[in-house]
Amino acid sequence: MLKKVSTDKAPAAIGPYSQGIIANGFLFASGQIPINPATGEIEGEDISAQAELVMKNIGELLLAAGTSYENVVKTSCFLADMNDFAAFNAVYEKYFTGKPARSCVAVKQLPKSVLCEVEVIAVVE
């Protein structure tokens, strides 16, 4: 059985998808970009500021699903520029202290021309 996860404390889906789906005890969260959920606007001028907002949005989705950063087992990280890797990691490591499995790649372009996007898979207890 699939359960949709939705919260107004993270950006609303801007397409035909859900913020997250819980299936078989796992949350599969859609990628989060640095959108302020209250305004719907992109925030953050640099990778550090954008990554902080992305992590906050992920935290809200995890909370809405009844889980937390400690239960994240896999992340997929997308950067607009691999030169931002070190600065992105400095923010990332503050949140993902359990060191989940991860992929991190640079892509040609991200939605709304943001600098980063992160999606997670987490155990829901």
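No lab work stands behind these numbers, since they all come straight from the coordinates. Predicted model, so just to flag it, every value in this text is computed and none were measured. Glycine also receives a Cβ, built like all others from the backbone with ideal geometry; neighbour counts cover every protein chain displayed.
Listed values, structure above:
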item: Pairwise FRET efficiency - residue 41 versus residue 101, Cβ, R0 = 30 Å, nearest 0.05; result: 0.40
item: Isolated Cys residues of the chain, judged by Cβ distance under 4.7 Å to other cysteines; result: 116
item: q = 0.24, 0.25 Å⁻¹: log10 I(q)/I(0) that the Debye formula gives for the range 67-125, counting C-alpha atoms only; result: -0.97, -1.03
item: Entries of 3/112; 56/94; 56/99; 3/99 with Cα pairs more than 23 Å apart; result: 3/112; 3/99
item: Segment residue 85-residue 113, length gained on full extension (0.36 nm per residue, minus Cα span); result: 8.4 nm
item: Prolate/oblate/rounded label for the range 31-98 (Cα gyration tensor, a/c 1.5); result: oblate
item: DSSP-defined antiparallel bridges as percent of all bridges, the range 24-117, nearest 5; result: 35
item: Qualifying aspartates and glutamates (Cα of each under 12 Å from Cα of residue 9; at least 8 residues distant if same chain); result: 60
item: Estimated dipole of the range 1-107 in Debye, rounded to 20 [Cβ of Lys and Arg +1, of Asp and Glu -1, Cα centre]; result: 600
item: Inter-centroid distance (Cα atoms) of the range 45-62 relative to the range 13-37, Å; result: 14
item: 10 Å Cβ shell holding at most 16 others, DSSP loop, trypsin sites (Lys or Arg not before Pro): longest site-free stretch of the chain; result: 10-107
